[in-house]
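Below you'll find the structure, written out as structure tokens, and then a few comments.
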Amino acid sequence: MAFCKNCGQELPADAKACPNCGTAVDGAEQVKATVEKVSKTADYTNQFDPQDIQDNKLMAILAYLGWLILIPILVTPAKDSPFVRFHVNQGLILFIASFISGLLSVVCIGVILEIICFVLMIIGIVNAANGQAKELPIIGKFRILK
Ligand SMILES: [Zn+2]
């Protein structure tokens, strides 16, 4: 959350001025608020078995590493792990998004999308390595696997 530097009022993500005292919000604070809004995603970690998470972190990380996603999809017992399936789902969407970005990379927007995909990949790997089942920003809402 961003706060007004004058009165301490909590600021909405897109606020240009403090709703309480009217002090102008500077660019850095606006960016900070927007980043926090985007990166605040649903966290399902407590719905997973801690033992499952502990045993399958590495497989969950593989879900974000391009073609290596085939390992957690195909290899038992990883493919039966709910924690791994959560990350495989995110990894698959990211894989498809990266593929489309690659096709579009002849134009500027494709390069931007590739950078976004790369950042999401890093976030996904960090989440998996920390044993968290958090949705990725932007693409996290989509589900391919049940
Ligand atoms: Zn204020």
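The values are calculated or read from the model by the stated rules, or taken from the named source; none is laboratory data. In this text the structure is predicted, and so the values were computed from the model without any measurement. Methodologically, a virtual Cβ is constructed for each residue, glycine included, from the backbone with ideal geometry; neighbour enumeration extends over all protein chains shown.
When we screen Leu62, Leu58, Leu68, Leu11 for residues that are surrounded by 15 or more Cβ atoms within 10 Å (Cβ to Cβ) and within 21 Å of Ile122 (Cβ to Cβ), the only hit is Leu62.
Would you confirm whether any residue within the range 72-86 is over 23 Å from Ala60 (Cβ atoms) and either of a type in the set (Ser, Thr, Tyr) or exposed (fewer than 13 other Cβ atoms within 10 Å of the Cβ) (or both)? Break it down stepwise before answering.
Residues of the range 72-86 that are over 23 Å from Ala60 (Cβ atoms), as a first pass: none.
Looking for residues that are over 23 Å from Ala60 (Cβ atoms) and either of a type in the set (Ser, Thr, Tyr) or exposed (fewer than 13 other Cβ atoms within 10 Å of the Cβ) (or both), one finds none in the range 72-86, hence no.
Based on what the data block shows, is Gly91 touching a Ser or Thr at 6+ places or on another chain (Cβ under 7 Å) and within 22 Å of Lys40 (Cα to Cα)?
On the way: touching a Ser or Thr at 6+ places or on another chain (Cβ under 7 Å): no; within 22 Å of Lys40 (Cα to Cα): yes.
Answer is no for this residue.
Of the helices (runs of 4 or more DSSP H) entirely within the range 1-107, those holding at least 2 residues that are touching a residue at least 12 places away in the same chain (Cβ under 8 Å) and touching a helix residue (DSSP H, G or I) at 6+ places or on another chain (Cβ under 6 Å) occupy 50-62, 70-74, 82-104.
For the range 1-24, the set of residues classified as under 12 Å from Glu36 (Cβ atoms) and within 10 Å of the ligand (Cβ to nearest atom) consists of Phe3, Glu10, Leu11, listed by residue number.
Scanning for something modelled with pLDDT under 95 and within 19 Å of Asn130 (Cα to Cα), does the range 28-37 turn up at least one residue? It would help to see each step written out before you state the result.
Start the filter on the range 28-37 by keeping residues that are modelled with pLDDT under 95, which leaves 28-37.
Retained after the next criterion (residues that are within 19 Å of Asn130 (Cα to Cα)): none.
No; the residues of the range 28-37 include none that is modelled with pLDDT under 95 and within 19 Å of Asn130 (Cα to Cα).
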